[in-house]
1. How far is helix 30-47 tilted, in degrees, relative to the longest principal axis of the Cα atoms in the chain, given as a value from 0 to 90 rounded to the nearest 10?
2. Apply the a/c threshold of 1.5 to the C-alpha gyration tensor of the stretch 1-130 and tell me whether it is rounded, prolate or oblate.
3. Would you mind computing, in nm to one decimal, how far apart the modelled labels at I95 and T159 are, each placed 7 Å from Cα along Cα→Cβ?
4. Over the Cα atoms of the stretch 108-192, what radius of gyration and what Dmax do you get, in Å?
5. Using a Gaussian network model on the chain with a 10 Å cutoff between Cα atoms, which of A166, A48, A102 fluctuates the most?
6. Multiply the residue gap between I14 and F119 by 0.36 nm, knock off their C-alpha separation, and tell me the result in nm, one decimal place.
7. Relative to the longest principal Cα axis of the chain, at what angle does helix 51-71 sit, 0 to 90 degrees, rounded to 10?
8. Using a 10 angstrom cutoff on alpha carbons, build the Gaussian network for the chain and name the most mobile of I171, I42, I61.
Amino acid sequence: MMNLNLGIEITATITSLIYLFLLMKENIWCWFFAIISSALSIYLFFTAKLYSEAFLYFTFILFGIYGWYKWSSKANTNTNLTVSKLPVKTHGLWIIVGFILAFILGYLFKTYTDAEKSFIDSNTTIFSFIASYLEAHKYLYAWVYWIIINGVNIWLYATQGLSIYAGLMVIYFILSGVGLWRWHKSYLATNA
């Protein structure tokens, strides 16, 4: 079982890195690799008793399908989707709603399951939903959400024995900063 988990974790890590690399380049194929890595991750998070994360990665599959559709020419017949910004008030609303939902989810998992670190897990889960929605719409500051989420996930995964995923989160943390920089350049190029 341990050897199987390690193989799945390594494969999910590689496909996750391909996803992030293609996402930074605004390449639609990123969504294909998001779906593959998410499907593999679901099993790993169930075995680590991180149920919110398993649920999150299930929704990443749905976000992968949605992102593929949103970025495809069929969804954007008038123009290609470009990087844009949301007003600060909108981010404030997302953050307030995110903390409320994370508290509710954390309470439910802590009360009714044997979930580990349910409140931290629920916060990274809820804010990952928000960040995924923002990235599917190519909102620039989705990357800031990911920088914070990935920073927290380094600790969360390491404490649950998912050392390869913790290492992946270190890479994600760094590359999320690169993604923010790249998308900012793209934003400036289309809004100059």
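1. 20
2. Taking the square roots of the gyration eigenvalues as a ≥ b ≥ c, the stretch 1-130 is oblate.
3. About 2.3 nm separates the two model spin labels.
4. Rg and Dmax of the stretch 108-192, Cα atoms, are 15.0, 52 Å.
5. Judging by the Gaussian network model, the answer is A48.
6. Working: separation 105, 0.36 × 105 = 37.80 nm, distance 2.81 nm.
Difference between extended and current length: 35.0 nm.
7. For 51-71 against the chain, the angle is about 20 degrees.
8. Of I171, I42, I61, the most mobile in the Gaussian network model is I171.
Quick note: the coordinates plus some simple rules give every number you see, no bench work behind them. Being a predicted model, the structure only gives us computed values, none of them experimental. Every residue, glycine as well, gets a Cβ built from its backbone with ideal geometry; the counts of neighbours run over all protein chains shown.
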